[in-house]
Amino acid sequence: MRAIWKGAVSFGLVSIAVKLYSATEEKDIRFHQVHRDDGGRIRYKRTCQVCGEEVSYDDIAKGYDIGGGEMVILTDSDFAELPLTTSHAIDVLEFVPAEQVDPILYNKAYFLEPEGAATKPYVLLRDALADSERVAIVKVALRQREQLATLRVREGVLLLNTMLWPDEVRTPDFGFLDEDLKIRPPELAMASSLIDSMAGEFAPDAFTDDYRAALQEVIDAKVEGREVVQPEEVEEAPAAAVDLMAALKASVERAKAARGEEPERAGGGEPTPITSARSAQKAAKAPAKKAAEKKATAKKATGAGAGGGAKKAAPKKAAEKAAPEKKAAKKAAPKKAARKTA
C-alpha cells in the first residue's frame, strides 16, 4: 500500500506521527472507451469554449458560477490562504459511544500506521480506545477540505472513518410518510416471525459479487476465444400477493425450508404469536357455534310433532296392558298346584 497522507494525531498533549492509507478498494471491472471498428482508445481534449484552444493542466483554474453567466475564478493561492488549522494534524475533539454515530454519516475508511518513534504512543491510544468502548471524534484536512471523522480500532489498527457533515445528509420527503397506515397485530407478529426465521450472524465472506464474476467469465471467454456460456437464470421473484398475511406466512415457511427445518405441524410445538392469535379467534367463535347447534336441535325436536309423541306412547300402553295379565298368571299358578296335591 502507498501512503496518501502524513500527519499527526493530537491526543491531549501527546502527538503521534502517522501515515494514512486507503483501507478499501473498489473491485469493479473497469473499461476504456474505444473505437468499435479498430479498438483505438477514445481521447478527449480540454478545449476552451471561448477561444476554442486546447488548454494544458497548468492553465486550468477553478471557477464558481454565480449565475447570470458570471464566473468567479479561484487559483491555488486562494486555496492556500484558507484557515485550515488541521492541515497536518488529526485533532481529537471528544470520545463518544459508537452507537451514537449514525452509520449514514460514514464516508471513507483509512488505516493509520505509526511513523518512526511514535509506535508506543500509538499502541497506548489504541489500547485505551479499545478499553473505553468509544470512538474518537476528530477533525482532519484531506485534499484541501476539512472533514469530520472518527477513530476506532479494527484488527489492532487505528481506523479513520471520514464523515459527512450533517447538512450533507438529505431529509427523506416521501408521500407515504404522511399516510395513516394501520398495521394489524397479527401482521406484525407474522413479520417478526419471518425476521426470527431468517436471523443469523453476519459473515461478509459468505456473500459474493455474482455480477462481477459473470462479467469476468465473459472477458476470459473472449480472451481464450471459446464460446461464452450464458449464466443460469435467477429464480424470478414471486408476484406481489394480495393477502399480506399469506405472503408473510409463505416467506416464513420458505426461510425454514432453506435452513433445512421442518415446517410447523398443526397442533405441535410451542405456541407462537400467530398460533396464539388463531387460538383466540377459535375460542371467540366457540360460544356462537354451540348456540347454533343447540338451536338446531330444539328446532328438530319441535318439527317431530304429535306423530312422534304417538309412537312413543304406544309402547307405554302395551306395557300397561301386559302388566295385569302377568299378575293373573302368577295368582293362577299356586291354585293349580294345590288341586294337584289334593
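Values in this text are rule-based calculations from the coordinates and carry no lab data. All values derive from a computational prediction rather than experimental measurement. Because the Cβ atoms are built from the backbone with ideal geometry, glycine has one as well, and the counts that use them run over all protein chains shown.
How far is it, in nm, from the label point at R212 to the one at I42 when both lie 7 Å from their Cα along the line to the Cβ?
That separation, rounded to one decimal, is 2.5 nm.
Please give the residues of region 21-52, grouped as numeric ranges, whose backbone N is less than 12 Å from a label point set 7 Å along the Cα-to-Cβ vector of D59.
46-52
Using a Förster distance of 41 angstrom, determine the FRET efficiency expected from the C-beta separation of A89 and R30, and round it to 0.05.
0.75
Would you list which aspartates and glutamates come within 18 Å of K222, measuring only between C-alpha atoms, while excluding same-chain residues fewer than 8 positions from it?
Once the sequence-local aspartates and glutamates are set aside, what remains near K222 is D37, D38.
With only Lys, Arg, Asp and Glu charged, each at its Cβ (+1 for the first two, -1 for the last two), find how big the charge dipole of region 23-114 is about the Cα centre; round to the nearest 20 debye. Let's see the in-between values first.
Working: 9 positive and 19 negative charges, 110 e Å.
Dipole of region 23-114, to the nearest 20 debye: 520 debye.
For region 102-118, take each phi angle, set θ = phi - 60°, evaluate the Karplus expression 6.51 cos²θ - 1.76 cosθ + 1.60, and give the result in whole Hz per residue in order, putting x for glycine and proline.
After applying 6.51 cos²θ - 1.76 cosθ + 1.60, I find 5, x, 5, 7, 5, 10, 10, 10, 9, 8, 10, 10, x, 10, x, 8, 8 Hz.
Taking the alpha-carbon centroid of each part, what is the distance from region 153-197 to region 204-226 in angstrom?
That distance is 32 Å.
Which chymotrypsin sites (Phe, Trp or Tyr not before Pro) from region 1-44 combine a DSSP loop assignment with at most 11 other Cβ atoms within 10 Å?
Details: sites: W5, F11, Y21, F31, Y44; in loops: F31, Y44.
Filter output for region 1-44: F31, Y44.
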